[in-house]
Structure formats: structure tokens, C-alpha cells
Protein chains: 2
Amino acid sequence: MAGSGFNTSILFKYPHGNHVLQAGACICFIQLTFVWMFEVIFSHIQEKVQLTKEEQALIKTFFTPKKLRKKQYLLQEGDVCRYLVFVEKGLLRSYNVDEKGVEHMIHFAWEGWWMSDTYSFLSAEASAYNIDAVEDAELLMINLQGFEEMLLKVPAMERYFRILFQNNIISKERRLISSITHSAEEKYTQLAAANPQMIQRIPQNMIASYLGLTPETLSRIRKKLSAGA
Amino acid sequence: MAGSGFNTSILFKYPHGNHVLQAGACICFIQLTFVWMFEVIFSHIQEKVQLTKEEQALIKTFFTPKKLRKKQYLLQEGDVCRYLVFVEKGLLRSYNVDEKGVEHMIHFAWEGWWMSDTYSFLSAEASAYNIDAVEDAELLMINLQGFEEMLLKVPAMERYFRILFQNNIISKERRLISSITHSAEEKYTQLAAANPQMIQRIPQNMIASYLGLTPETLSRIRKKLSAGA
DNA sequence: TAAAATACTTGATACAGATCAAGTGTTTTT
DNA sequence: AAAAACACTTGATCTGTATCAAGTATTTTA
């Protein structure tokens, strides 16, 4: 393929994607790239709501693509979280850092997941969190103004986010109850059972932090479990 | 007043409120009671979205009023949570019970708050939670079919619940981080600072459970804090 | 208003998981 | 390819919170 080895990062520097759509019949490499990108997000959205071609075209105009290299920040503590992002590829994490400098993982997001500091994004207040890339990532970003406009102009997206947030509440509640009621070992085995890909993909020290454990404790738990098996 | 001392509980036994509205110009005691009930819920909804008179009238038809005496169950573990409820008056709690018989508080809801097992309500699967009244309560209940129909017929309510769920995510995330990153004492002082009414209104053993502590530990923390002050 | 049940307190002890420390193994950087 | 940085493991010890136990205070029930 002619494009192989080509550094595509320049393709993601446009502030908006809409001009690409205006290219109309011109099926060039740039457009193909963009079409491919939105296929992931639309397939996820359309698991929950129906979208017309017109709505899809409109939705695209609100998003900006962005690439993030491993360890690169999307958001740093003290800044306002200006974007809600959809992960097309790669892996992001959000975390906060306590007075002792210890990181506490809040979330992970890979292909098909959204990432943001919901509070900072919606309130435009400074964030207490950091977001960065655990693996090189390709993102679709929407700002608050775009988000609000999109929800008003496309009622199906209002519905989509209501459903998305509903599911988020359910999973957060489970994590919270697990964190309050279970032992370290139970928390780990439950996470491993419910979300095996997370264990495979995310470094162990981050899993430990996500569960509210020290890396040493998780290491010992894993040793004990593998000995028992 | 002629009605004082009158047991009004019979007023709440109608399965739906709509026939009352159909009474039209007949301003009777029942209708006044119902109008009063919905004032609380509408004032809360209209803090977030605008509703026309017609929309309000339609919304009312989806809700059933219900009274609950202290200690009475709204939901028991193993049953499907058939209703999303709005608390007009009183105090509800949701909790689960572990293998050892220990209760773990998940939520509290008083005037102006919603209560449900979101997962069970939406999926119609058996609930792992219990919901009961900590104080005598007056509720407005909506079932899943009504909820879905209401959101489709009144887009403002779709929007309202998206915003409600958004805020819920933010507060759950905070509680989760607090539970993972802070000591017992920090958790308590933060809750007391953020939500003083909760400390005043809810029994101490339930607050302890809500924070993932034993009643003994919370008692000792409070003693220590009052000594320091 | 007495009795029973429940909520809260205080003390002694136990233990899960944290911390501190020092190692090995594995990436990343140069 | 060497060096540095980072991730993981293992051991020894410490500590915050749970547990067990027995009391007092308060609320509920009869």
C-alpha cells in the first residue's frame, strides 16, 4: 500500500473535521482516514441509538481528531478539562496525585470508551486529575460548547449520553461497593473475573492503584492465587 | 382546619394520578393534595430543564404516589426493582447485606432526591440490594415502561435525566476516590464538611457503613475530633 | 412506665494490608 | 550495547482499623 510507513500525524492537526466532509466526491486518503476513524465511534453509538446519515454528518463536525504519544498528557491537574474524548485506539488513564506524591487511578479508557474529568468538563472548573496516555492513542475530541450544541441538535445523542451515563453509574456503584465491602483479594479476583482484558493490558501497579492497594500487596495476592491454582 | 387529624393514606392508594387531573374544574381535597405533591418534584426538575404546562400534566400521569412507614421495605434483595422513586418527604436508604449479615449502605435519599437500584430497574434483573424507609416517607413512583415512555414523549425529561445522571457520576466518583485515597478520619471530616445535613439526620451506624467503617471506629473518630475542638 | 430492643461508647486484642528495604527483571533511553 | 529508569517481587516490621466484649444511653414496643 502506498501509504504504509507514512507518518499520518499531520492529518490530525486540523482543528475541525468538517472541511474534510465538504470535500464531497473527492475520495482522497485524508477522507478515507477520517471515515475510518468515525466508524468506530458510530458503531458504538449505534449499539444504543439510531442515527440518520444526516445526523452522522452533523455529529462529525463537532469532533476534532488528536493523537497522543505514550506518557503525553491530555489534562494536567489545575487545568480545566476542555474536552470529552472518545478513544479510537490506544489506552488512556485518569488519576490524581495525593500529598505524598502517590498516584490514584480513577479510570482507564481504551478503544470504544470515553474519557474526561466529567466535573471539570461540565463546570469549567480546574481539574484535580491528570489524564495521560498509557499507550499511544488516537482520539476524537469534543469541547463543551460542541457537546451541548450536539445534544440539542441531535436528540438521539442526548439519549445516547443518558444511557451511557446510566451504565456508568451502575459500574461506579459496583466498584464503590466492592471497595467498601471486600478484601483486597476479593477485589482483585472480582476485577479479574469481570474484566480480564484490563488485567492483561494494564500494568500491575496501575491495577493495584485502581483497586486502592499498594503494588506490593497486589504482587503478594497474585503469588498466593497462582500457588493455589 | 377541617382535615387535620384525618388519615390521608387512602389518598395514595390510586394506581395512577391521571384520573384526578381529569376531574377538571372540581377543586377537591384530593386534587389539592396531588397538586401539592408534584410541586416538589417539578421545582426540582425545573432547576435543570423547562417544562410546559402540557408536559407537566403528561408527566404527572406516569407517577403513582405511595407512603412508606419507617422500616418498611420498598425493595428486598432478590426482587426486581420495579420503580424509580422520587422522595417528596422522609428518608430512604439502599443497602446490601454481606455473607456475615453486615449491612453496607449504598445511598440515602430524602426530599428532592431519587432512589432506585438503577441496574435492577433498567435490566429487570433481581436486585442485590434492599431499600427501606429510615423515616416515614412519601414517594412518587414510576415504573420502567412509564419511564421509557416519558423520556420519549418529553425530550426535556430525557435531558433532565442525562443531567441528573451526570451529576450522580461526579458525586459517585468523589466518594470512590475518597474511599480509596483517604483515612477513616479524613473520609468522615470530608463528608461532614460536604454534607452536614447527612450527619445530623442519619444514624451514626449508617454513616459508618456508608463510609465503609465499623460503628466503633466512627465513634472513636468522633470522640477524638470533639476532644481536639 | 417497664421491658426490650437498638444505638452508641470504651477497652483489649488481632490482623490485613501498608511501609520500608533490598533485591531481580524488564523496558526505555542514549 | 550500556546505562538508566522503571516494574515487579520478596522479606521484615509497623499500624490503622476490625473484631470481640461489655458496658451505658436512648428509642421503641407492649
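The values are calculated or read from the model by the stated rules, or taken from the named source; none is laboratory data. These figures come from a predicted structure and were not determined experimentally. Virtual Cβ from ideal backbone geometry, glycine too; neighbours counted across all protein chains shown.
Values for this structure:
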{"read-out": "Residues located in region B:111-134, provided they are in a strand (DSSP E or B) and away from every other protein chain (no Cβ under 14 Å)", "value": "B:126, B:132, B:133, B:134"}
{"read-out": "Wholly enclosed helices (runs of 4 or more DSSP H) of region B:11-110 bearing at least 3 residues modelled with pLDDT under 95 and more than 25 Å from residue A:173 (Cβ to Cβ)", "value": "B:18-21, B:29-45"}
{"read-out": "Residues being away from every other protein chain (no Cβ under 12 Å) and either free of Cβ contacts under 8 Å to residues at least 40 places away in the same chain or under 29 Å from residue B:180 (Cα atoms) (or both) - total across region A:145-169", "value": "1"}
{"read-out": "So residue A:138, is it without any contact (Cβ under 8 Å) to a residue 24 or more places away in the chain, touching a Pro at 6+ places or on another chain (Cβ under 9 Å) and either more than 14 Å from chain B (Cβ to nearest Cβ) or surrounded by 19 or more Cβ atoms within 10 Å (Cβ to Cβ) (or both)", "value": "no"}
{"read-out": "Where a residue in region A:203-222 is touching a residue at least 60 places away in the same chain (Cβ under 8 Å) and its partner, wherever it lies, is among the polar types (S, T, N, Q) and more than 9 Å from DNA strand D (Cβ to nearest atom), with Cβ under 9 Å and at least six apart", "value": "A:212/A:179; A:212/B:179; A:212/B:181"}
{"read-out": "Residue within region B:178-195 that is within 20 Å of residue B:111 (Cα to Cα) and buried (at least 18 other Cβ atoms within 10 Å of the Cβ) present", "value": "no"}
{"read-out": "Residues (among the hydrophobic types (A, V, I, L, M, F, W, C), within 16 Å of DNA strand C (Cβ to nearest atom), away from every other protein chain (no Cβ under 14 Å) and over 11 Å from the mean Cα position of the chain (by Cα)) located in region A:63-103", "value": "A:68"}
{"read-out": "Total residues in region B:170-229, condition within 14 Å of chain A (Cβ to nearest Cβ) and more than 13 Å from DNA strand D (Cβ to nearest atom)", "value": "11"}
{"read-out": "Some residue of region B:189-203 being closer than 28 Å to residue B:42 by Cβ, within 16 Å of DNA strand C (Cβ to nearest atom) and of a type in the set (D, E, K, R)", "value": "yes"}
